[in-house]
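S.K.: Quick one: the structure is below, questions incoming.
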Amino acid sequence: MRWCSEAISLSGAHALAPVSLFTNKTVAFQFQKPFFFKFKFNNSFSSTSLIHRNPLAAQLQPSCSTEDDFDFDFLVVNFYHFVFIKDPQQEVAKHLSFLELEGLDIHGRIYLNEQGINAQYSGPSKDAMVYVNWIKEDDRFSNILVQISQSEIGHAFPSLKLRYKPSLVQFKSDTSDLPVLDPSMRAIPLAPSEWRDRLEAINKNDPHSKDYPNKDYILLDVRNGYEWDIGHFRGAQRPNVDCFRSTSFGLSQEEITASDPLSNVDKENTNILMYCTGGIRCDVYSTILRQHGFQNLYTLQGGVSNYIKNEGPAEWIGNLFVFDSRLSLPPPVYHPQANTEVGTPTPTSVSSDDKFAKCYICNSGVSELRHRNCANLDCNLLFLCCKKCVKDLRGCCCLTCSTAPRLRPVLNGEHRYKKWHIYRDMDLQGNARIST
C-alpha cells in the first residue's frame, strides 16, 4: 500500500501533534431544531449547558451537571447529507461568507455539490457548534445526524478546505450521475440496535433467533484494508483495498477471486450488510451495487462511530480508524462505559481481544493500534509496525527505504511528522535519529 489521498498523510497535508486520546468522549445527535450547545462530559455520559454566544444561539434550559463534569475547548464534527443543491458554488460562497462574518475558527474538509454536503471539521466548541447550528437552520439540512467528539490536541485538521467537489467521496469513476438522491437506490439503513441483533445472531449461529438470516448473508467492510487492520466487526473479511476509490466488490466480470466477497453470490437472495466509518461510503457504493442487480442491501446507520456510541463495542474488535490527526480511537471515546477484559486500556494499546493486529514487516503482534508513516520522505507509506522493526528499520517500512537519501527522524510514541515541506530541504540523512 502506498499513499492514498483519501487517507491521512501524516507528513503531507497534515501537521500532527502528540495525542492523548483515552479521556475523549463523543456524542451523536439527531437534531430536530437548530440550537447551540456547549458540551460537558463526565465519566459516565454527557450533560449539556447553554452557551449564549450570539443571536444564533437558541434559548435552552441547561441540564444538571456534576462536580465530575469538565469543560473542553475543541470539537471534531462529522456529518453528511444527500440533498439536491441547485447552485452549489453559491452555497460554498454562502458558507465561506458566514464563517468570515462570524469570525469562526474552523479547520477541516467541507465539500458541497449538487448532491449534498460531506463535512469533517474541528474548531473551538463555540465556533464548531455555531457553524453546525447555522447549517441546520436550512430546512434541507435540519435532520442530519451530527456526530461530535472531543479533540484534546486542538485542531484535528491543519487548515480549512471548503469548496465545491464533483464527488462527495473519492471513487475511480464519476459519482455525480449515481442516484444517491433516491433513498430507494441506497441500502436500507439499520439502527445500531438492529445491526447488533443481526450480527449477534449471525456470529452465534443461532437458527432459532428471530434475527438469524434465513438466506445467505455477507458482512461487507466498505473501507480500506488498513482501517480493518486496527478494528472491525467480528466476521468481516479484510477488504483487499488500499483506497476506497478502487473498490470493486461485486463489479468484476472476471473469474471468481477470494478477495471479492461478492463474487458469484446470489444477487437476489443474499443479504449484504455493509458498514464503514460514518456511513457515506456505504450509501454511495450501495447505489452502485443496486445498479448491478444486488437486491438485499443493508447499511449501518451513522456508521461504526454511531454504532459504538449507542451499543458500545459489542461485536466490534479493536479501535476505529479516523481520517483526522487522531488516527485511531478506542471504543471508550465513543462509549465511556466500554472497557476491555483486561481493564482500562491505554488509548491505543492492544487488548487480549485485539491480537489480529500484525506488524506489516515481520507479521508479529503490535503493541498499539496506531499507524505510522514511513520515515522515507519519498515513500510515506501508512503502516502498522512493532517496536523492534521501528528500531531496526529506522522507522521505515522496508529495508530499501531505510537506506533512502531523505530520511526523517524516527518518531516514538504518538508523535507525528510535521508538514512534508519542513523536511524537504533538510540534511535528512544526517538527522535520522530517534525523536521523543
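S.K.: Rounded to the nearest 10 Å², what accessible area does residue 99 show when all protein chains are kept and the probe is 1.4 Å?
M.R.: About 10 Å², ignoring ligands and nucleic acids.
S.K.: Here's another thing I want to ask about it. Charges only on Cβ, +1 for Lys and Arg, -1 for Asp and Glu: so what's the dipole of the range 90-162 about the Cα centre, in debye to the nearest 20?
M.R.: Working: 6 positive and 10 negative charges, 33 e Å.
Using only the charged Cβ atoms, the result is roughly 160 debye.
S.K.: In addition: Can you order the peptides 368-380, 73-85 by their average number of other Cβ atoms within 10 Å per residue, highest first?
M.R.: In descending order of packing, they fall as 368-380, 73-85.
S.K.: Is the shape of the range 287-336 rounded, prolate or oblate, going by the alpha carbon gyration tensor and its root eigenvalues a ≥ b ≥ c, with a/c under 1.5 for rounded and a/b larger than b/c for prolate?
M.R.: Numbers: a/c = 3.26, a/b = 1.95, b/c = 1.67.
Prolate is the answer for the range 287-336, as a/c is 1.5 or above and a/b outweighs b/c.
S.K.: Compare the peptides 356-364, 314-322 by average per-residue count of other Cβ atoms within 10 angstrom and give them in order, highest first. Could you put the intermediate results ahead of the total?
M.R.: Details: 356-364: 15.6, 314-322: 22.8.
Highest to lowest by the protection proxy: 314-322, 356-364.
S.K.: In the neighborhood of residue 303, defined by Cβ-to-Cβ distances under 13 Å, what is the net charge if each Lys or Arg adds +1 and each Asp or Glu adds -1? Provide the component values of the computation, followed by the final result.
M.R.: Details: positive: 223, 281, 309; negative: 221, 227, 283, 311.
With Lys, Arg at +1 and Asp, Glu at -1, the neighbours total -1.
The values are calculated or read from the model by the stated rules, or taken from the named source; none is laboratory data. Note that the structure is predicted; figures quoted are calculated from it, not measured. Cβ: placed from backbone, ideal geometry, glycine included. Neighbour counts: every protein chain shown. SASA here: full protein model, heavy atoms, side chains in, ligands and nucleic acids out. Shrake-Rupley method; radii C 1.70, N 1.55, O 1.52, S 1.80 Å.
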